[in-house]
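Peer 1: Please read through the structure below; I'll follow up with questions.
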Amino acid sequence: MAHVLSRTVLMTAATLGALVTASVAQAEDTACDWTPDRAVTVIVPWGTGGGTDANARRLASLLEQEMGVPFNVVNRTGGNGVVGHTALARARPDGYTIGAATIELATMHHLGLAPLTWQDATPIALVDQNPASVVVKADARWDSLEALLKEAKEHPGELTASGTAQGGIWHLALAGMLQAEGLPPDAIRWVPSQGAAPALQELMAGGVNVATPSLSEAQHLVEQGELKALAYMSDTPNSNLPDVPLTADLLDSGWTQSAFMTISGPGKLPEEMTCAYANAIEKITQSDEWTQFKASRGSEVVFEGPEQTAELFSETDQQLGEVINAIGLAR
């Protein structure tokens, strides 16, 4: 069974036309003319300076321009995202609290971190999506993902990889790929790290054989010739490194895996508020300002509305739940 979680909507003329049509239809079906008349709090469950924080802050500034009130970003960190996601889900559903809900909202309950699930919040829009990559040192003996997986199959447990903490998204991306290809999910052993940057340093130093961060996080080292990218866990080429092979094409399973960020509201956010925010965010993602910002970060422009974002959360919850169980981290 193909494990395909890449639901990226690239901003082409055709897709923009479809999105606009969908928004018009949605506006006709629902009163989407709600607007906030005072400041809105934007909860970010992760620390300042990271990708989620940067995306949330830029989007908040553009929402201020679009909706005419302040959007104040508040970082609520702790518990591997539990603190901030819980604060978001349990906030009053009055339209004055939204937040940057990330993929961890679909995995934390499987890991036993909290009983919270994505259904406790209200998905509004997908605004950021970064597929994992498979990178090795430039002088590594593998020139293809197929060669790497062949060695992992023949010598399970001898190769090591890193990219994030145990049970983090880049760990699950690798374990899920191995499992989807019929290998034990620990055929390449995971070495926990504090994030992609230290994992890439460890890779460069020869401490691990493989790293699986987002391709944008490894892009600079790949372009400098320090690393080589064996694969991009997506079904759509990366515009900055378009020659990196896609796992959707390489693998029999079609496995793809991305980290993603949504704008979501508290549980039971009224439909007119959900719709109003989705329409405002859709308009922003079509703007030159947002396009330039995403390009500066090496990321593609993406947008999906409430229904599609809920589907993405649901599919991720099910598929990564299976991976978490397979690697023995389910609680």
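Peer 1: Return the carbon/sulfur percentage of the accessible area of the chain, one whole number, probe 1.4 Å, all protein chains in place.
Peer 2: With neighbouring chains kept in place, the figure for the chain is 48 percent.
Peer 1: For the range 248-294, what does the alpha-carbon gyration tensor say about shape, rounded, prolate or oblate, given a ≥ b ≥ c as the root eigenvalues, a/c under 1.5 as rounded, and a/b over b/c as prolate?
Peer 2: Oblate, because a/c is 1.5 or more while a/b does not exceed b/c.
Peer 1: Right, here's the next one. Which whole-Hz couplings ³J(HN,Hα) result when phi for each residue of the range 119-131 is put into the Karplus expression 6.51 cos²θ - 1.76 cosθ + 1.60, θ = phi - 60°, listed in order with x for Gly and Pro?
Peer 2: 6, 7, 10, 10, x, 10, 7, 8, 10, 8, 8, 10, x
Peer 1: What angle, in degrees between 0 and 90 and rounded to the nearest 10, separates the Cα long axis of helix 13-29 from the longest principal axis of the Cα atoms of the chain?
Peer 2: The angle comes out at about 40 degrees.
Peer 1: Provide the descending list of Cα extents for the chain along its principal axes, expressed in whole angstroms.
Peer 2: Result, largest extent first: 61, 42, 35 Å.
Peer 1: Further question: With a 1.4 Å probe and all protein chains kept in place, how much accessible area does Lys283 have, in Å² rounded to the nearest 10?
Peer 2: Surface open to solvent at Lys283 totals about 120 Å².
Peer 1: So what is the relative contact order for the chain, in percent, with contacts set as C-alpha pairs under 8 Å and at least six apart?
Peer 2: 29 percent
Peer 1: Additional query: Could the peptides 224-237, 185-198 be put in order, highest first, of the mean number of other beta-carbon atoms found within 10 Å of their residues?
Peer 2: Ranking, from highest mean packing down: 224-237, 185-198.
Peer 1: List the residues, sorted by chain then number, that are 5 or more residues from Val74 or on another chain and whose placed amide H is less than 5 Å from its amide H.
Peer 2: Val42, Ile43, Val44
Peer 1: So what's the range 48-95 giving for Rg/Rh, alpha carbon basis, Kirkwood Rh from the mean inverse pair distance?
Peer 2: Over the Cα atoms of the range 48-95, Rg/Rh equals 1.00.
Peer 1: Is the C-alpha gyration tensor of the range 188-331 telling us rounded, prolate or oblate? Criteria: a/c under 1.5 is rounded; beyond that, a/b larger than b/c is prolate, otherwise oblate.
Peer 2: Because a/c hits 1.5 or more and a/b fails to exceed b/c, the range 188-331 counts as oblate.
Peer 1: For the chain, give the magnitude of the charge dipole about the Cα centre (Cβ charges: +1 Lys/Arg, -1 Asp/Glu; no others), in debye to the nearest 20.
Peer 2: 880 debye
Peer 1: How tilted is helix 196-205 with respect to the longest principal axis of the chain? Cα atoms for both, answer in degrees (0 to 90, nearest 10).
Peer 2: 20 degrees
Peer 1: Same structure again: Lysines within cross-link reach of Lys294: Cα-Cα under 21 Å, excluding same-chain residues under 8 positions apart?
Peer 2: Result set, ordered by chain and number: Lys283.
Peer 1: Now, a different point. Which cross-chain or sequence-distant (5 or more) residues have an amide H under 5 Å from the amide H of Ala187, H modelled 1.01 Å from N in plane?
Peer 2: For Ala187, whose amide H was placed from the backbone, there are no distant partners under 5 Å.
Peer 1: Compute the Kirkwood hydrodynamic radius of the range 128-189, taking the inverse of the mean of 1/r over all pairs of distinct Cα atoms, and give it in Å to one decimal.
Peer 2: Averaging 1/r across every pair of different Cα atoms and inverting gives 12.2 Å.
Peer 1: Kindly identify the range 137-267 as rounded, prolate or oblate by the Cα gyration tensor criterion: order the square roots of the eigenvalues as a ≥ b ≥ c, call it rounded if a/c is under 1.5, otherwise compare a/b with b/c, prolate if a/b is larger, else oblate.
Peer 2: rounded
Peer 1: List every residue whose amide H lies under 5 Å from the amide H of Trp255, counting only residues 5 or more places away in sequence or on a different chain, with H placed 1.01 Å from N in the peptide plane.
Peer 2: His3
Peer 1: Which order do His220, His110 take by accessible area at a 1.4 Å probe, largest first?
Peer 2: Most to least solvent-accessible, the answer reads His220, His110.
Peer 1: Return the calculated 222 nm mean residue ellipticity for the chain, to the nearest 500 deg cm²/dmol, obtained by summing -39500 (n - 2.57) across DSSP H runs with n ≥ 4 and dividing by the residue count.
Peer 2: -12500 deg cm²/dmol
Peer 1: Follow-up question, since we're still on this one. Using the 2.2 N^0.38 Å rule of thumb for compact globular proteins, work out how the range 59-210 stacks up: its C-alpha Rg over that value, please.
Peer 2: Against the compact-globule rule of thumb, the ratio is 1.29.
Peer 1: I need the phi-derived Karplus couplings for the range 37-52: 6.51 cos²θ - 1.76 cosθ + 1.60, θ = phi - 60°, integer Hz, Gly and Pro marked x.
Peer 2: Working through the residues one at a time gives 10, 8, 4, 10, 8, 10, 7, 10, x, 10, x, 5, x, x, x, 5 Hz.
Peer 1: Still on this structure, please answer the following. Can you run phi through the Karplus equation (6.51, -1.76, 1.60; θ = phi - 60°) for the range 96-109 and list ³J(HN,Hα) in whole Hz, with x for Gly and Pro?
Peer 2: Result, rounded to whole Hz: 9, 9, 10, x, 8, 7, 10, 4, 4, 5, 9, 10, 4, 6.
Peer 1: Post the alpha-carbon centroid distance, the range 162-210 to the range 99-145, in whole angstrom.
Peer 2: After rounding, the separation between the Cα centres reads 13 Å.
The values are calculated or read from the model by the stated rules, or taken from the named source; none is laboratory data. Everything numeric in this text was worked out from a predicted model, so none of it was measured. Glycine also receives a Cβ, built like all others from the backbone with ideal geometry; neighbour counts cover every protein chain displayed. With ligands, DNA and RNA removed, areas are computed over all heavy atoms of the protein, side chains included. Shrake-Rupley method; radii C 1.70, N 1.55, O 1.52, S 1.80 Å.
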